[in-house]
1. Looking at (1) more than 19 Å from Arg173 (Cα to Cα); (2) of a type in the set (A, V, I, L, M); (3) in contact (Cβ under 8 Å) with a residue 12 or more places away in the chain, which one does Leu90 not meet, given that it meets all the others?
2. Can you name every residue in segment 63-79 that is buried (at least 18 other Cβ atoms within 10 Å of the Cβ) and not in a strand (DSSP E or B)?
3. Hey, Lys144 hits all of (1) at pLDDT below 95; (2) open to solvent by 70 Å² or more (accessible area, probe 1.4 Å); (3) within 14 Å of the chain's Cα centre (by Cα) but one; which does it fall short on?
4. Of the numbered conditions (1) at pLDDT below 90; (2) basic (Lys, Arg); (3) within 11 Å of the chain's Cα centre (by Cα), Arg151 fails exactly one; give the number of that condition.
5. Answer with yes or no whether Glu124 is within 16 Å of Lys98 (Cα to Cα) and surrounded by 13 or more Cβ atoms within 10 Å (Cβ to Cβ).
6. With Gly158, Gly102 as the choices, which residue is surrounded by 21 or more Cβ atoms within 10 Å (Cβ to Cβ) and on the phi > 0 side of the Ramachandran plot?
7. Do you know which residues across segment 109-148 are among the hydroxyl-bearing types (Ser, Thr, Tyr) and over 21 Å from Gly171 (Cβ atoms)?
8. Listed residues Leu90, Leu78; which is in contact with a strand residue (DSSP E or B) (Cβ under 8 Å, 6 or more places away or on another chain), of a type in the set (A, V, I, L, M) and over 15 Å from Pro147 (Cα atoms)?
Amino acid sequence: MRTIPLVLIAAAVSACGSPAPPQQVTPTSSVSIQPVAAPAGLAAFPDFNQFGPGKIDEYSGKNSHGDPFITFKTDSGLSCFAYLYGTKALGDIECDSKNMPGFPATANGQDRQSKTRTESVLREPSNGPFQFWITTSKVDDSVKSLPTGQRLVVGDTGCAVSDTLLACIDGDRHGFVVSPTGSWAF
């Protein structure tokens, strides 16, 4: 696996008000994200070392407040968003889809038949495990696709996409797996 330098957008502003220079993060041939035991019969949380590194700068942007984030979509129709906390972590990960693979029938939310229904996975409450929700969030199909076999990792947080799943984990060791064989969260 070759090493590709990644440029992260720095959120810090110096005392004179000018943006901080971009910070370089160089992925290593291995990452420290540990697999998590899956519930019986569901797709396992993958070994992120089996995925090639994606270029964070190709998926990053800033909101109207100057907060850096990444956003990507998968071939299976999920649109994902996460804040970038410098070179340390991804946080507030949320993925939305009009038809999420393996979406659990026990998902939280109301109005399961609504035409504006979106199937989402997010942390609610924010300090708890991820959960599946029926929401009215927008599915952003305009964002760049993260190719199958790649990961976006910052520190020991990130997301990885294969042809059969999307897996994400945050700095609190909470995460999820979206798979046609059954999606689950922790």
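The values are calculated or read from the model by the stated rules, or taken from the named source; none is laboratory data. Just so it is clear, the structure is predicted and the values come from calculations on it, not from any experiment. Neighbour counts run over all protein chains shown; Cβ positions are idealised from the backbone, glycine included. To get the accessible areas, we keep the full protein, side chains included, count just its heavy atoms, and leave off ligands, DNA and RNA. Shrake-Rupley method; radii C 1.70, N 1.55, O 1.52, S 1.80 Å.
1. Only one criterion in (1) more than 19 Å from Arg173 (Cα to Cα); (2) of a type in the set (A, V, I, L, M); (3) in contact (Cβ under 8 Å) with a residue 12 or more places away in the chain is unmet by Leu90, namely (1).
2. Thr74, Ser76, Leu78
3. Going through the list (1) at pLDDT below 95; (2) open to solvent by 70 Å² or more (accessible area, probe 1.4 Å); (3) within 14 Å of the chain's Cα centre (by Cα), Lys144 breaks only (1).
4. Of everything listed in (1) at pLDDT below 90; (2) basic (Lys, Arg); (3) within 11 Å of the chain's Cα centre (by Cα), Arg151 misses just condition (1).
5. Taking the combined requirement at face value, the residue does not satisfy it.
6. Unique residue meeting the criteria: Gly158.
7. Selection gives Ser114, Thr116, Thr118, Thr135, Thr136, Ser137, Ser142, Ser145, Thr148.
8. Answer to the check: Leu90.
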